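The values are calculated or read from the model by the stated rules, or taken from the named source; none is laboratory data. This one's a predicted model, so the numbers in the text were calculated from it and none came from an experiment. Positions of Cβ are generated from backbone atoms using ideal geometry, with glycine treated the same way; all protein chains shown enter the neighbour counts. Just so you know, the surface numbers come from the protein's heavy atoms only, side chains and all, with ligands and any DNA or RNA stripped out. Shrake-Rupley method; radii C 1.70, N 1.55, O 1.52, S 1.80 Å.
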Amino acid sequence: MPNYTDFSWLRKIPYFCSQAIFSDETINYRIPVEPSQFDTVTVTLRAGRDIELQPYLCTDKTRFPMVKMRANFVFDYYQVVLPPSAEAVRYYFCIEGEGFTLYYTKYGVFGEYQREGWFEILKDYHTPQWAKGGVMYQIYPDRFFNGDQKNDVLTNEYMYLGKPVNRVEDWYKNPQPQDIRNFYGGDLQGIMDKMDYLEDLGIEALYLNPIFVSPSNHKYDIQDYEHIDPHLGIIEKDEGALLFGGEDNVEATRYITRVTNETNLEKSDMLFAALVEEAHQRGIKVIMDGVFNHCGAFHKWMDKEGIYIGKNVGAYQGESSPYRPYFYWKEDGRSYEGWWGFENHPKLNVEGCAKLREEIFKIGEKWVSPPYCADGWRLDVAADLGRTEAFNHAFWREFRNVIKKANPDAFILAEHYGEAKPWLWGDEWDSIMNYDAFMEPLTWFLTGVSKHSTEGRDDLYNNSDVFWGSMSYQMAKLPFQAMNTAMNQLSNHDHSRFLTRTNGQIGRLETHGAKGAEADVRLSVMREAVLFQMTWLGAPTIYYGDEAGVTGWTDPDNRRTYPWGKENLDLIAYHKTCIGLRKENEALRFGSLKQLFGEYGVIGYGRFTEANKCVVILNNNETDKEIFIPVWQIGVREKGRMKTLVTTEEWGYHQKSTTYKVENGHLRILLPPKSGVLLKEV
């Protein structure tokens, strides 16, 4: 990682020269963005106008001289055409001037050669067009909306981890510390009933937490990959006994009927198909959650609970079971390996069992194919699958081949923490959930607490140097195809709600209670974060209820129900406004991104294309700040004008348009405390 604090070399060259230099991997500076091995690639470098320069595009083998192709009022544009190649191309720029040489990478301009941060052209790495910068919405189905009370889980319907499940009668009751057995009744019909709301909000894709048959409310311990859970779908055949204190699920005949009856399963599957069709008619895609590293102890392949006795022989029911090789067994022959030691999450022996691999490939293919036609998979703990990294990569390569053959426009997104590049070469995952290059740096800067609300760092709060350094470093590690489609979330089902983080407090449900997550939250900071989210590179993804003011510590408190009838309507309107502005301004979805400003508590950046130039500034301080922004760096004219599109302050937000004159290529603007503004050149 380069030294971001040593700028002594800048004194040797004109400021204008160094700050005018720019290139990136968007369509504005590289055509095509996602080349095949047979394509020539045109790369553009921007530099200051009328400065005697000779730029070179440099790979580890060759220096390609660049030719000046055009100019505008302040910049010269140099280009080079790279020949077709099957190999990936890594490059940086060397700019030779009169008495100086500069080097330009993803990290910026340097006076010395840099080994890191090179640009990269990965061949035949194609991601769906709809996922590029698309506005997504994550739904935890049990907590979104109850559209069919006939399919609700019943109290004492079955036992889960030694205790009976419970139907929560009060939709607005907050989750309890032992929430895993509590069900609120949200379902697929509920999502369909609220499709008008989602369309009106501006959502372009839904990501659903797991919806397959499963005994928990989170459904990451899947019981049957082949079918949608009738508790989320349709229960037509509904007979049998509840347990009423019984501890053996073999006697849970009501549950067994509900989740194994063919009519219930088939109708639930077709309800999902109807949901996808309804979403597609509204221009909304649907992404499913795939949990293939492990399943649940209830799964019919394992059947530890005896749910499927008489239908098939699960691996726990006998060593002669055909599913025995699907799992890792210990020496006693009765114990099996659980993911992270969790007995209810048996780890699947994907690496050691070819038949299991074929099963998973068929499952992956089934749900993205007619009649279901889902638009992709989010892969849970994807890097954990298998025993070895080599196998893991081989598996995901084959999985990608199967999915893309069945549905070429399907999106493959992985949950991943840490270094993801080994999976992002265009032959495995399309992209990732963006923790390192979005959620974490933004959370630290705006709130000073971790994404779990379990750690505080005063040294990171309002620290623009660390923020920009982290963003630059982490974004540079991702291929542009992945960065352009990365899921940029403020909150999700694994982390505290962002609105709770705005109180700057450390806590959990068990120690600080639900009220602690609601205390002293700052809606002004939430609005800053949303403005950033909706104007940044990648796919902004709302966790259901964030837009309505839902709070919560990390799980299970982050899984509160959507507060229908008690929403923060102003916050919803603000989200809708920001989403609308994103769609109206091509720069906010497809434009280049350039850092323009940073000081304690303040960040400013530009998103720009040739025709559309936008600036975003956040002031996270408790006092007014006058900011002097060099908007010329994104091509705003020296004596141009910029107008505000939306302004958020401590009290709320507004769209009153104020026009500012640009003087000598700079914009001077006074920002109130805890505020943000989006401007555009006019």
For region 92-133, name all the residues that are open to solvent by 20 Å² or more (accessible area, probe 1.4 Å), part of a loop (DSSP other than H, G, I, E, B) and either among the β-branched types (Val, Ile, Thr) or in contact with a helix residue (DSSP H, G or I) (Cβ under 6 Å, 6 or more places away or on another chain) (or both). LYS106, TYR107, GLY111
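Looking at region 280-298 only, could you name the residues that are basic (Lys, Arg) and either within 19 Å of the chain's Cα centre (by Cα) or in a strand (DSSP E or B) (or both)?
LYS285
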Anything in region 391-423 that is outside any helix (DSSP H, G or I) and either within 15 Å of the chain's Cα centre (by Cα) or of a type in the set (Lys, Arg) (or both)? List them, or say none. PHE411, ILE412, LEU413, ALA414, GLU415, HIS416, TYR417, GLY418, ALA420
Could you list all residues from region 186-209 that are of a type in the set (Gly, Ala, Ser) and either in a helix (DSSP H, G or I) or surrounded by 23 or more Cβ atoms within 10 Å (Cβ to Cβ) (or both)? GLY186, GLY190, ALA205
Can you pull out every residue in region 343-358 that is surrounded by fewer than 19 Cβ atoms within 10 Å (Cβ to Cβ) and either in contact (Cβ under 8 Å) with a residue 24 or more places away in the chain or assigned to a strand (DSSP E or B) (or both)? GLU343, GLU351, GLY352, CYS353, LYS355
Neighbours by Cβ (under 8 Å, 6+ apart or cross-chain): first from region 503-515, open to solvent by 90 Å² or more (accessible area, probe 1.4 Å); second part of a helix (DSSP H, G or I) and of a type outside the set (Val, Ile, Thr): GLN505/HIS512; GLN505/GLY516; ARG508/ASP557
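In region 45-62, which residues are open to solvent by 10 Å² or more (accessible area, probe 1.4 Å) and either within 31 Å of the chain's Cα centre (by Cα) or of a type outside the set (S, T, N, Q) (or both)?
ARG49, ASP50, ILE51, GLU52, LEU53, TYR56, ASP60, LYS61, listed by residue number.
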Does at least one position in region 419-426 carry a residue that is farther than 19 Å from GLN489 by Cα, open to solvent by 10 Å² or more (accessible area, probe 1.4 Å) and in contact with a strand residue (DSSP E or B) (Cβ under 7 Å, 6 or more places away or on another chain)? yes
Can you name the condition, by its number, that GLY310 falls short on among (1) without any contact (Cβ under 8 Å) to a residue 24 or more places away in the chain; (2) in contact with a Ser or Thr (Cβ under 9 Å, 6 or more places away or on another chain); (3) closer than 21 Å to MET159 by Cα? (2)
Taking region 321-342 as the search range and keeping residues that are open to solvent by less than 60 Å² (accessible area, probe 1.4 Å) and charged (D, E, K, R), which one is farthest from GLY310 (Cα to Cα)? GLU337
Of the candidates PRO32, PRO65, the one satisfying the condition of being open to solvent by 30 Å² or more (accessible area, probe 1.4 Å), free of Cβ contacts under 8 Å to residues at least 40 places away in the same chain and under 27 Å from LEU588 (Cβ atoms) is PRO32
Restricted to region 444-477 and to residues being crowded, with 24+ Cβ neighbours inside 10 Å and without any contact (Cβ under 8 Å) to a residue 60 or more places away in the chain, the residue farthest from HIS393 (Cα to Cα) is VAL449
Of residues in region 580-592 being surrounded by 19 or more Cβ atoms within 10 Å (Cβ to Cβ) and out of contact with any Pro (no Cβ under 9 Å at 6 or more places or on another chain), the one farthest from GLY283 (Cα to Cα): SER592
Within region 385-400, can you find the residues that are charged (D, E, K, R) and over 14 Å from LEU356 (Cα atoms)? ARG387, GLU389, ARG397, ARG400
Exclusive hit being within 30 Å of PHE411 (Cα to Cα) and touching an Asp or Glu at 6+ places or on another chain (Cβ under 6 Å), set GLY133, GLY147, GLY117: GLY147
Is there any pair linking a residue in region 405-417 that is over 14 Å from LYS366 (Cα atoms) to one that is assigned to a loop (DSSP other than H, G, I, E, B) and aliphatic (A, V, I, L, M), with Cβ under 7 Å and at least six apart or on different chains, and which? GLU415/VAL381
Checked against (1) surrounded by 21 or more Cβ atoms within 10 Å (Cβ to Cβ); (2) assigned to a strand (DSSP E or B), GLY233 satisfies every condition except (2)
Is it the case that some residue within region 521-530 is part of a strand (DSSP E or B) and open to solvent by less than 10 Å² (accessible area, probe 1.4 Å)? no
Tell me, please, whether a residue that is among the polar types (S, T, N, Q), at pLDDT 95 or above, over 14 Å from the mean Cα position of the chain (by Cα) and open to solvent by 10 Å² or more (accessible area, probe 1.4 Å) can be found in region 479-491. no
Yes or no: region 270-281 includes at least one residue that is of a type outside the set (Asp, Glu), open to solvent by 40 Å² or more (accessible area, probe 1.4 Å) and free of Cβ contacts under 8 Å to residues at least 24 places away in the same chain. yes
It is to be established whether one or more residues within region 369-390 are in contact with a Gly (Cβ under 6 Å, 6 or more places away or on another chain) and surrounded by 15 or more Cβ atoms within 10 Å (Cβ to Cβ). yes
